[in-house]
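Notes to accompany the following structure.
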Amino acid sequence: MSVEPRAKLDLVRPVIADIQPYVPAENPELLAERLGLPVEKLVKLDANENVYGPSPRVQAALGQYARYHIYPDPEQVATRQAVANYLGLPPECVLLGAGSDEWIHLLTIVYLDPGDEVIDFSPSFAMYPIYSGLMNARMVWVPRDADFQIDVEAGLRAVTNRTKMIFVATPNNPTGTPTSREIILRLLETGRIVVVDEAYAEFASQTMVRDILQHDNLIVLRTFSKWAGLAGLRAGVVAAQESVLANLWKIKSPFNLNSAAGLAVRESLADVEYLHDCVRKVVAERPRMAAALAELDFLKVYPSEGNFLYVEVTRGDAATITRQLAERGVAVRHFGGPPRIVQGLRITVGKPEHTDALVAALRAVAPA
Ligand SMILES: Cc1ncc(COP(=O)(O)O)c(C=O)c1O
């Protein structure tokens with residue numbers, strides 16, 4: 001048998017070649033440099049980060065920690081205990097990793113064989129199809145209604161013998177829409193794995209996290225990126241019954257929660273009141289920002305329970321407005337697709353002065 005020379009072979013799996021890469025928010029350092037601004041002067045409302053930053057206890061503890069040369073605890077004992085106390089769960093039901101993104105990835109590895117189906121209520125978070133696609137699973141898109149609510153009957157009709165997983169981000173990214181407990185309970189009745197992604201739960205009015213104790217097919221994801229201001233350290237939580245987590249234990253890399261992230265999580269949880277106070281400020285700013293944006297006659301504002309608002313550009317072009325705002329030092333998030341959201345903008349709720357700068361910049365670029 002003749003062997004093809006390597007140059008003639010495409011060694012990359014076709015599924016990788018076909019994947020649409022995640023397009024991240026613009027690099028703030030590069031944007032600031034281009035505008036000739038110090039980076040802290042940017043009004044950075046494009047990645048749903050916490051404008052109040054982490055707890056001061058985190059900064060202090062990271063500076064004093066003297067054991068960075070030692071591998072972190074692969075069993076995350078102290079951190080899991082602290083997170084379990086915070087969530088009101090036994091420690092066997094929580095596991096931490098490098099952001100909730102890591103858990104989305106590892107869950108697709110645990111559950112998806114080629115051809116298995118994944119239900120996604122679109123538009124929603126871009127990482128679900130990326131990781132599911134890597135496993136050669138088939139995405140089944142169930143469109144949200146005009147208000148971006150989940151159409152649960154359509155979701156149930158979409159379930160087949162090949163359906164393995166159902167993703168529900170609540171509040172949803174990018175639209176901010178919460179999904180009711182009743183809807184999630186109905187999805188759980190299918191017996192399929194229901195991943196409830198609660199990245200923004202601290203800004204919202206409900207959580208399903210303790211329902212994992214009753215439902216062995218419910219998996220809840222939480223993160224320290226948003227409410228605790230630790231996006232740069234990468235700390236996400238998966239909460240589920242011990243039998244579910246057993247499979248994730250098998251495949252997670254041993255040191256997936258690094259020492260700095262673990263320490264930052266514990267210090268954050270020792271300072272919950274401070275952080276919840278920052279959350280309360282964001283939640284208080286949300287309706288003020290919504291009202292200010294609603295006054296602009298080229299924007300339609302949607303209700304949100306996240307630390308961000310989704311607005312639709314009803315006159316002009318969302319991509320152009322995003323570029324024009326960036327030139328004025330205001331970064332907001334625009335998405336290239338799916339088509340339903342190409343005229344949408346997702347804007348993080350910041351401090352009152354951020355709202356004022358945003359509104360002033362929007363007035364300056366208002367389309368004719
Ligand atoms: C719905 C949703 N899930 C997960 C994530 C990922 O968060 P993390 O920083 O924990 O990886 C995000 C981040 O924007 C998100 O919006």
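From the list Ala84, Ala146, the lone residue that is away from the ligand (no atom under 16 Å from the Cβ) and open to solvent by less than 20 Å² (accessible area, probe 1.4 Å) is Ala84. Considering only residues in the stretch 222-236 that are assigned to a loop (DSSP other than H, G, I, E, B) and near the ligand (Cβ under 8 Å from one of its atoms), the one that is most open to solvent (accessible area, probe 1.4 Å) turns out to be Arg234. The set of residues in the stretch 300-326 that are under 22 Å from the mean Cα position of the chain (by Cα) and among the hydroxyl-bearing types (Ser, Thr, Tyr) comprises Tyr302, Ser304, Tyr310, Thr322. For the stretch 107-126, filtering for residues that are at pLDDT 95 or above, closer than 19 Å to Phe335 by Cα and open to solvent by 20 Å² or more (accessible area, probe 1.4 Å) leaves 3. As a summary of the residue check, Asn48 satisfies the conditions (1) at pLDDT below 95; (2) out of contact with any helix residue (DSSP H, G or I) (no Cβ under 8 Å at 6 or more places or on another chain) except for the one numbered (1).
Check the stretch 37-56 and report whether any residue there is open to solvent by 60 Å² or more (accessible area, probe 1.4 Å) and touching an Asp or Glu at 6+ places or on another chain (Cβ under 6 Å). No, there is no match, as no residue in the stretch 37-56 is open to solvent by 60 Å² or more (accessible area, probe 1.4 Å) and touching an Asp or Glu at 6+ places or on another chain (Cβ under 6 Å). Has the stretch 328-338 got any residue that is within 19 Å of Ala146 (Cβ to Cβ) and touching a Gly at 6+ places or on another chain (Cβ under 8 Å)? Scanning the stretch 328-338, I find at least one residue that is within 19 Å of Ala146 (Cβ to Cβ) and touching a Gly at 6+ places or on another chain (Cβ under 8 Å), so the answer is yes. The set of residues from the stretch 155-192 being in a helix (DSSP H, G or I) and among the hydrophobic types (A, V, I, L, M, F, W, C) comprises Leu156, Ile183, Ile184, Leu185, Leu187, Leu188. Candidates in the stretch 197-221 are the residues that are within 15 Å of the ligand (Cβ to nearest atom) and among the aliphatic types (A, V, I, L, M); of these, the one that is farthest from Pro91 (Cα to Cα) is Ala204. Remark: pairs (first residue in the stretch 42-64, over 16 Å from Thr348 (Cβ atoms); second residue open to solvent by 50 Å² or more (accessible area, probe 1.4 Å) and away from the ligand (no atom under 16 Å from the Cβ); Cβ separation under 7 Å; 6+ apart in sequence or on different chains) = Ser55/Tyr274; Arg57/Ala270.
The values are calculated or read from the model by the stated rules, or taken from the named source; none is laboratory data. Remember, predicted model here, so these are calculated numbers, not experimental data. Quick reminder, even Gly has a Cβ in these numbers, built from the backbone with ideal geometry, and neighbours come from all protein chains shown. Calculation scope for accessible area: heavy atoms of the full protein, side chains included, ligands and nucleic acids excluded. Shrake-Rupley method; radii C 1.70, N 1.55, O 1.52, S 1.80 Å.
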